[in-house]
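Participant: Please find one structure pasted underneath; my questions will follow.
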Amino acid sequence: MLVPHIISLIVSLFGFLFILSVLVIIHEAGHFFTARRFGIRVEEFGFGFPPRVWKRVRNGTIYSINALPLGGFVKLFGEDSAGGGRLSLDSKRSSKNIGEAFFARPVWQRAVVIFAGVVMNAVLAFLIYYVFLFASGFKTDLPLISPNHKFYFVDTKVNNSVYIGEVVKNSPAGKAGIEPYSKVLSLNGALVDNSDDFVALVNAEKGKVITLVWQSPKNKIERGTLVPRVKPPKGQGPLGIALASASGVHLSYDTPAQKLFSGITHPVNLLLYTLDGTKILISNSVKEKSVKTLGENLSGPIGIFVVVGDVVSQSTGPKDLFLQALNLAGLISISLAFFNVLPIPALDGGRLFFILVEAVTRKRVSARFEAAVNTVGFMVLISILLLVTIFFDFPKLISFLQFLFKG
């Protein structure tokens, strides 16, 4: 039946829009409330992006709902698209109006307004991870990307696992009901954490009954008896499966102090871990002289939607779905905070950089120059986003839809 798959797809879409919109709205709310606190006029606070479908004016600010529900924006009086600061042509040049303009405020106030969005995303990530870790018993697992990476203020343990990647139909494993992507737990009571050891154990028991315990893709623990074939068809092996080894790291916030600060240390640990993994990917891409490895691990909006879809389709129940959604939202939020504070043109960090230059030199950077730099930066970012979307996100989307609707 297609109905469950369609429902899963709809839930994934609304989950994606909800997570992304909340994160961006929280970010923009930081700009909004600090601007209002300093007396800077906010011309518009929009949910989504134009074209506009609804608006309401209150205290001189337009509150709008727009047709493209992918976040939101805050438009400050006296701030052009580049952040250089100028009044629109139809603005009245009264001293009162100029006093409400963004560009007319002291350097520190402008810096606070710009930085507030980053702070809001960081604080949101901290709150999310306090809830996530409390609900998960202050323990969580991560795939091992960098074996030598150091995690701070948390107990760690590296675990090795064996996964079943493929199952041949009507093979011993297929008849036992083993599904692809299951995790092997034990064979004849012996724990299994290495594919070579697993193969050796199976080969030693050819023609005999073995007891296998595995964890299904839905995290259900299953047990079955199988007889490894003495003379299996070529390329299938005794059980008719393909194996893959994977390593993970178990993080456990055990002490009272670790738990107290876990909501802060965990997202910071995740961010540092992600950066370490990104460095490895870049290094591998340079060695391979190809961007494929790096590109496959980058995601634009469509790639994030696929991740949300995987969370929805592979969750084992409401609690698991809730925890995975929290984890994803927290990771995106702390990532937004980090990348937005970098001095990249067109992002908050780029705008903050020009303000800091002004603070040091006591001379304002030319609004025309700043606008040009931010425009070029914006075009570069959009170009990268389009390339990632076309060459890497669309294939992920197709694979996800094939997985969702298979059978």
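Participant: With springs connecting C-alpha atoms under 10 Å apart, model the chain as a Gaussian network and identify which of VAL162, VAL131, VAL357 has the largest mean-square fluctuation.
Facilitator: VAL357
Participant: Measure off 7 Å from each Cα along the Cα-to-Cβ vector at LYS234 and LEU397, then give the distance between these two points in nanometres to one decimal.
Facilitator: 4.2
Participant: By Kyte-Doolittle mean hydropathy of at least 0.5 and Cα axial length of at least 18 Å, which whole DSSP H helices of the chain are selected?
Facilitator: Span-like helices, by this rule, are 3-37, 107-135, 301-314, 318-341, 348-361, 367-388.
Participant: Is there a quick way to get the dipole size of region 312-407? I mean about its Cα centre, with the Cβ of Lys and Arg at +1 and of Asp and Glu at -1; what is the value in debye to the nearest 20? Each step should come with its number before you reach the end.
Facilitator: On the way: 8 positive and 5 negative charges, 40 e Å.
In total the dipole reaches around 200 debye.
Participant: Moving to a separate point now. Assuming 0.36 nm per residue, please report the length gained on full extension of the stretch LYS55 to ARG37 beyond their Cα-Cα distance. Display every interim value, and only then the final one.
Facilitator: Details: separation 18, 0.36 × 18 = 6.48 nm, distance 2.28 nm.
Here the answer is 4.2 nm.
Participant: Next question. Starting from 0.36 nm per residue, how many nanometres of slack lie between LEU127 and LEU275 once their C-alpha separation is accounted for?
Facilitator: 51.1 nm
Participant: Would you mind computing Rg(Cα) / (2.2 N^0.38 Å) for the chain, counting N as its residues?
Facilitator: The value comes to 1.21.
Participant: In addition: What lysines sit close enough to LYS75 to cross-link, taking a C-alpha to C-alpha distance under 16 Å and skipping anything fewer than 8 places away on the same chain?
Facilitator: Partners within reach: LYS55.
Participant: Can you tell me the dipole magnitude for the chain around its Cα centre, using point charges on the Cβ only (Lys, Arg +1; Asp, Glu -1), in Debye to the nearest 20? Intermediate values should be presented prior to the final figure.
Facilitator: Values: 41 positive and 26 negative charges, 141 e Å.
I would put it at about 680 debye.
Participant: Please list, or write none, the aspartates and glutamates whose alpha carbon is within less than 16 Å of the alpha carbon of LYS292, excluding same-chain residues fewer than 8 places away.
Facilitator: Answer for LYS292, where 16 Å is the Cα cut-off: ASP393, listed by chain and number.
Participant: Would you mind computing, in nm to one decimal, how far apart the modelled labels at VAL119 and LEU381 are, each placed 7 Å from Cα along Cα→Cβ?
Facilitator: Distance between label points: 2.1 nm.
Participant: Moving on. I need LYS139, LYS289 ordered by Cβ neighbour count within 10 Å, fewest first. Please list the in-between numbers first.
Facilitator: Numbers: LYS139 13, LYS289 6.
If I rank by nearby Cβ atoms, fewest first, I get LYS289, LYS139.
Participant: Now for a separate question. Give me Rg over Rh for region 157-249, both radii from the alpha carbons and Rh done the Kirkwood way, two decimal places. Don't skip to the end; give the middle numbers.
Facilitator: On the way: Rg = 12.2 Å, Rh = 13.1 Å.
The Rg/Rh ratio comes out at 0.94.
Participant: Cα centroids of region 46-74 and region 363-383: how far apart, whole angstrom?
Facilitator: A separation of 25 Å, based on Cα centres.
Participant: What is the fewest-to-most order of ARG223, ARG41 by other Cβ atoms lying within 10 Å of their Cβ?
Facilitator: ARG223, ARG41
Participant: Straight-line reach from LYS220: which lysines fall under 18 Å, measuring Cα to Cα and dropping same-chain residues less than 8 apart?
Facilitator: Reachable lysines: LYS175, LYS183, LYS319.
Participant: Using the count of nearby Cβ atoms within 10 Å as a rough guide to exposure, how do VAL192, VAL158 rank from fewest to most? Walk me through the numbers before you get to the answer.
Facilitator: Values: VAL192 22, VAL158 10.
Going from least to most buried by this count: VAL158, VAL192.
Participant: Computed on alpha carbon atoms, what radius of gyration and Dmax characterise region 263-407, expressed in Å?
Facilitator: Cα only, region 263-407: 18.8, 67 Å (Rg, Dmax).
Every number here is computed from the coordinates shown, using simple stated rules; none is lab data. Because the structure is a prediction, the values reported are computed rather than measured. Quick reminder, even Gly has a Cβ in these numbers, built from the backbone with ideal geometry, and neighbours come from all protein chains shown.
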